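Novice: I have a structure here, written as structure tokens, and I will follow up with some questions on it.
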Amino acid sequence: MHELTASTLDFIKRNGLILPDDRVLLSLSAGKDSMAMLHILREISGIVGFTLGIFHLNHCMRGCESDMDENFVRETAASMGISAHMFSHDFSAESAKGKSFEERARDIRYALLSEVSRDRGYSKIAMGHNRGDNIETILMRIFTGTGVHGLKGIPPRRDNIIRPLIHASPESIYSFLSDSRIPWREDSSNSEERYRRNFIRNRVIPLVSGSFPMLADSIESLSTVAGEYESLLESRVLPQAVSGSIDDGSLCIPEKNLDSPELFGYAMSRILRERFGLSLPSSAIREMRRKLESVRGGIVLYDNGVFTIARKYVKGVRCITVKSREIKADDDWEYQAELATGYPCRIFLREIGIECTITETSYDFFIENRTDGNYVFIGLSHDKYILSIRNRRNGDAMDLEFGMKKLKDLFIEKKLDSDAKKRVPLIIVGADVAAIVPGAVCAALNRVAPGYHVVKDAKKVLALYFAKKQM
């Protein structure tokens with residue numbers, strides 16, 4: 001057994017990354033790190049007792065190079081007898097939408113990995129990050145601004161995502177590939193310094209390492225210390241600081257629990273990020289603290305139209321409250337799906353606390369999952385369509401087997417109360433009510449219009465998965 005294989009097996013066992021009977025989905029790019037991880041995991045799978053699958057996303061950014069990467073992964077998987085889940089998305093054909101290519105690629109890759117993992121029963125998702133990636137990530141966070149949490153770097157495990165090679169240096173991975181004569185594909189974009197990570201890897205680290213040869217060890221030590229401080233704060237400070245009541249997604253914390261600027265900044269950042277999914281820059285946190293110090297009574301500290309953070313008196317006690325916008329039962333809402341071939345579209349229906357994941361799927365998948373009440377399947381006979389999800393409007397009607405019927409009457413037949421009638425999601429294709437989804441908000445069966453039933457020769461089959469989401 002190669003030295004890197006042995007150290008990785010030990011790392012996996014010490015950190016409990018993979019357990020017997022796990023199904024592990026490996027994100028395989030065809031580059032050095034992921035190819036090394038593929039061969040290591042394949043070798044130790046029999047020792048630990050887990051099953052391995054492969055995932056690959058073709059980013060379509062490097063023309064024939066991207067296609068050759070995809071073919072290389074497909075052929076490698078076939079030669080090893082490992083299931084491969086292959087996807088492609090043309091990033092070059094879409095606008096930036098306020099995000100860099102790296103951010104967009106990461107979002108779509110993780111969304112797809114999550115989808116495949118859930119649908120195919122994988123318990124772990126393995127990523128090929130190594131020690132060098134961790135160093136680069138910490139440096140990027142330092143340069144762009146971070147707190148203790150960001151200095152922790154990339155963890156070996158977060159939820160079901162594992163990184164078995166995060167302990168390994170790039171040099172040890174290269175030696176393993178050379179010693180084992182394992183081929184890989186070189187990504188030519190790794191030399192393009194317009195990407196921040198490449199700039200740090202190719203320019204910053206070599207320049208600084210010349211004067212500070214222990215750079216990697218020092219940053220890794222900083223990461224370890226930051227993790228220890230974070231654990232201490234989590235276990236000893238945070239529970240007492242954030243003790244407060246939570247009601248309907250709102251939080252109320254006695255202000256005396258946050259009696260110092262440092263504690264206020266740390267606790268509020270953690271609360272907003274982890275409980276409400278709201279990431280605020282440190283400047284916004286400091287501005288909230290400044291307002292608290294300059295005003296004695298009640299005051300709104302922050303309001304983005306969705307969340308309001310304020311000081312209020314609750315039963316005579318000064319409190320910091322975090323409250324989501326009040327939603328009225330008769331509010332109209334509508335979300336249009338941004339669909340693209342090869343990856344899922346996720347829509348958070350905030351008004352009813354439901355997340356809908358839309359994917360293009362197969363007739364076989366429909367047959368396997370049509371009895372799952374969380375799914376609604378739509379069959380389409382054409383490629384050009386606009387799909388949206390909204391609640392009911394006056395006059396809405398649905399084409400049924402016996403003709404058009406007003407949804408108002410259909411909901412009465414299903415014995416829905418007035419609140420549920422306004423909350424039921426409707427799937428709209430073009431101008432048609434293609435389906436109603438009362439099962440998302442109450443104990444009632446979903447219904448698809450006959451013209452959108454899935455048939456074997458359907459041009460497209462869309463799977464819409466509705467799941468409750470905690471804010």
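Novice: Does the range 428-435 include one or more residues that are more than 14 Å from Ser388 (Cα to Cα) and either touching a residue at least 24 places away in the same chain (Cβ under 8 Å) or surrounded by fewer than 16 Cβ atoms within 10 Å (Cβ to Cβ) (or both)? Write out each step before concluding.
Specialist: Of the range 428-435, the ones more than 14 Å from Ser388 (Cα to Cα) are none.
Within the range 428-435, not a single residue is more than 14 Å from Ser388 (Cα to Cα) and either touching a residue at least 24 places away in the same chain (Cβ under 8 Å) or surrounded by fewer than 16 Cβ atoms within 10 Å (Cβ to Cβ) (or both).
Novice: Hey, another quick one. Kindly establish whether Thr371 is closer than 30 Å to Asp259 by Cβ and either modelled with pLDDT of 85 or more or in a loop (DSSP other than H, G, I, E, B) (or both). Can you show your working first?
Specialist: On the way: closer than 30 Å to Asp259 by Cβ: no; either modelled with pLDDT of 85 or more or in a loop (DSSP other than H, G, I, E, B) (or both): yes.
Answer is no for this residue.
Novice: Next question. Scan the range 443-456 and tell me whether some residue there is within 26 Å of the chain's Cα centre (by Cα) and modelled with pLDDT under 90.
Specialist: Here is the first cut: in the range 443-456, the ones within 26 Å of the chain's Cα centre (by Cα) are none.
So far as the range 443-456 goes, no, none of its residues is within 26 Å of the chain's Cα centre (by Cα) and modelled with pLDDT under 90.
Novice: Gly128: in the same structural domain as Lys13 (by TED's automatic domain parsing) and assigned to a loop (DSSP other than H, G, I, E, B), yes or no? Walk me through how you get there before you give the answer.
Specialist: Values: in the same structural domain as Lys13 (by TED's automatic domain parsing): yes; assigned to a loop (DSSP other than H, G, I, E, B): yes.
Considered against the rule, which asks whether it is in the same structural domain as Lys13 (by TED's automatic domain parsing) and assigned to a loop (DSSP other than H, G, I, E, B), Gly128 comes out as yes.
Novice: Further question: If I go through the range 277-290 residue by residue, how many of them are surrounded by 15 or more Cβ atoms within 10 Å (Cβ to Cβ) and more than 27 Å from Phe348 (Cα to Cα)? Step through it out loud before you land on a result.
Specialist: Residues of the range 277-290 surrounded by 15 or more Cβ atoms within 10 Å (Cβ to Cβ): 278, 280, 284-285, 288-289.
Right, trim to more than 27 Å from Phe348 (Cα to Cα) and you get 288-289.
Selection size over the range 277-290: 2.
Novice: Further question on the same structure: In this structure, is Ile358 under 24 Å from the mean Cα position of the chain (by Cα) and either crowded, with 17+ Cβ neighbours inside 10 Å or not assigned by TED's automatic domain parsing to the domain that holds Ala449 (or both)? Before the answer, list the steps.
Specialist: Values: under 24 Å from the mean Cα position of the chain (by Cα): yes; either crowded, with 17+ Cβ neighbours inside 10 Å or not assigned by TED's automatic domain parsing to the domain that holds Ala449 (or both): yes.
Criteria met by Ile358.
Novice: Same structure again: Phe365 - would you say it is aromatic (Phe, Trp, Tyr), surrounded by 12 or more Cβ atoms within 10 Å (Cβ to Cβ), farther than 30 Å from Asp331 by Cα and at pLDDT 80 or above? Talk me through it step by step, then tell me what you get.
Specialist: Values: aromatic (Phe, Trp, Tyr): yes; surrounded by 12 or more Cβ atoms within 10 Å (Cβ to Cβ): yes; farther than 30 Å from Asp331 by Cα: yes; at pLDDT 80 or above: yes.
It is true that Phe365 is aromatic (Phe, Trp, Tyr), surrounded by 12 or more Cβ atoms within 10 Å (Cβ to Cβ), farther than 30 Å from Asp331 by Cα and at pLDDT 80 or above.
Novice: Does Glu70 qualify as being surrounded by 16 or more Cβ atoms within 10 Å (Cβ to Cβ) and of a type outside the set (Lys, Arg)?
Specialist: Working: surrounded by 16 or more Cβ atoms within 10 Å (Cβ to Cβ): yes; of a type outside the set (Lys, Arg): yes.
The answer is yes for Glu70.
Novice: Now for a different question. When the residues of the range 389-404 are narrowed to those that are assigned to a strand (DSSP E or B) and out of contact with any strand residue (DSSP E or B) (no Cβ under 6 Å at 6 or more places or on another chain), which ends up farthest from Cys345 (Cα to Cα)?
Specialist: If we take residues in the range 389-404 being assigned to a strand (DSSP E or B) and out of contact with any strand residue (DSSP E or B) (no Cβ under 6 Å at 6 or more places or on another chain), then Gly403 is farthest from Cys345 (Cα to Cα).
Novice: Can you report the number of residues in the range 138-155 which are touching a residue at least 60 places away in the same chain (Cβ under 8 Å) and hydroxyl-bearing (Ser, Thr, Tyr)?
Specialist: So the answer is 0.
Novice: Would you call Phe72 more than 17 Å from the chain's Cα centre (by Cα), of a type in the set (A, V, I, L, M, F, W, C) and modelled with pLDDT of 90 or more?
Specialist: Values: more than 17 Å from the chain's Cα centre (by Cα): yes; of a type in the set (A, V, I, L, M, F, W, C): yes; modelled with pLDDT of 90 or more: yes.
Criteria met by Phe72.
Novice: Tell me which strands (runs of 3 or more DSSP E) are completely within the range 282-345 and hold 3 or more residues being over 16 Å from Pro261 (Cβ atoms), within 28 Å of the chain's Cα centre (by Cα) and modelled with pLDDT of 85 or more, or say none if there are none.
Specialist: Values: elements: 299-303, 307-314, 317-324, 334-336.
Where strands (runs of 3 or more DSSP E) fall fully within the range 282-345, none carries at least 3 residues being over 16 Å from Pro261 (Cβ atoms), within 28 Å of the chain's Cα centre (by Cα) and modelled with pLDDT of 85 or more.
Novice: Is it the case, given these coordinates, that Asp119 is under 20 Å from the mean Cα position of the chain (by Cα) and without any contact (Cβ under 8 Å) to a residue 12 or more places away in the chain? Steps first, please.
Specialist: Values: under 20 Å from the mean Cα position of the chain (by Cα): yes; without any contact (Cβ under 8 Å) to a residue 12 or more places away in the chain: no.
Spelling it out, it is not the case that Asp119 is under 20 Å from the mean Cα position of the chain (by Cα) and without any contact (Cβ under 8 Å) to a residue 12 or more places away in the chain.
Novice: Only one of (1) surrounded by 14 or more Cβ atoms within 10 Å (Cβ to Cβ); (2) modelled with pLDDT of 80 or more; (3) part of a helix (DSSP H, G or I) is not met by Glu262, so which one is it?
Specialist: Tallying (1) surrounded by 14 or more Cβ atoms within 10 Å (Cβ to Cβ); (2) modelled with pLDDT of 80 or more; (3) part of a helix (DSSP H, G or I), Glu262 fails exactly one: (1).
Novice: Now for a separate question. The conditions are (1) free of Cβ contacts under 8 Å to residues at least 40 places away in the same chain; (2) within 34 Å of the chain's Cα centre (by Cα), and Asp409 fails exactly one of them. Which is it?
Specialist: Of (1) free of Cβ contacts under 8 Å to residues at least 40 places away in the same chain; (2) within 34 Å of the chain's Cα centre (by Cα), only one is false for Asp409: (2).
Novice: Considering Val455, Val461, Val433, which residue is under 21 Å from Gly373 (Cα atoms) and assigned to a loop (DSSP other than H, G, I, E, B)? Before you say what the answer is, go through the steps one by one.
Specialist: Values: Val461 fails: assigned to a loop (DSSP other than H, G, I, E, B); Val433 fails: assigned to a loop (DSSP other than H, G, I, E, B).
Matching residue, one of Val455, Val461, Val433: Val455.
Novice: Right, another one. Taking the condition of being touching a residue at least 24 places away in the same chain (Cβ under 8 Å) and assigned to a loop (DSSP other than H, G, I, E, B), how many residues in the range 156-186 meet it? Please lay out each step first, then the result.
Specialist: So in the range 156-186, the residues touching a residue at least 24 places away in the same chain (Cβ under 8 Å) come out as 156-157, 160-170, 172-177, 179-180, 182-186.
So of that shortlist, the ones also assigned to a loop (DSSP other than H, G, I, E, B) come out as 156, 160, 163-169, 182-186.
Total meeting the criteria: 14.
Novice: For the range 132-155, what are the residues that are in a helix (DSSP H, G or I) and either of a type in the set (Asp, Glu) or out of contact with any Leu (no Cβ under 8 Å at 6 or more places or on another chain) (or both)?
Specialist: Just the residues of the range 132-155 that are in a helix (DSSP H, G or I), to begin with: 132-144, 148-151.
Across the range 132-155, the qualifying residues are Gly132, Asp133, Asn134, Glu136, Thr137, Leu139, Met140, Phe143, Thr144, His149, Gly150.
Novice: What about Lys421, is it touching a helix residue (DSSP H, G or I) at 6+ places or on another chain (Cβ under 9 Å) and either surrounded by fewer than 20 Cβ atoms within 10 Å (Cβ to Cβ) or not small (Gly, Ala, Ser) (or both)?
Specialist: In short, yes.
Novice: Quick one: Lys421 ticks every box in (1) without any contact (Cβ under 8 Å) to a residue 40 or more places away in the chain; (2) within 21 Å of Arg350 (Cβ to Cβ); (3) assigned to a loop (DSSP other than H, G, I, E, B); (4) among the charged types (D, E, K, R) except a single one, so which number is it?
Specialist: Exception for Lys421: condition (3).
Novice: Of all residues being more than 26 Å from the chain's Cα centre (by Cα) and surrounded by 12 or more Cβ atoms within 10 Å (Cβ to Cβ) in the range 233-244, which is modelled with the highest pLDDT? Just the residue, please.
Specialist: That would be Val237.
Novice: Still on this structure: Take the conditions free of Cβ contacts under 8 Å to residues at least 40 places away in the same chain, surrounded by fewer than 12 Cβ atoms within 10 Å (Cβ to Cβ) and touching a strand residue (DSSP E or B) at 6+ places or on another chain (Cβ under 9 Å) and apply them to Tyr302. Does it pass?
Specialist: No, not satisfied.
Novice: Separate question: Residues Ser388, Ser381: which one is of a type outside the set (A, V, I, L, M) and modelled with pLDDT of 85 or more? Show your work before the answer.
Specialist: Values: Ser381 fails: modelled with pLDDT of 85 or more.
When all the criteria are applied, what remains is Ser388.
The values are calculated or read from the model by the stated rules, or taken from the named source; none is laboratory data. Since the model is a prediction, treat every value here as computed from it, not as a measurement. Glycine also receives a Cβ, built like all others from the backbone with ideal geometry; neighbour counts cover every protein chain displayed.
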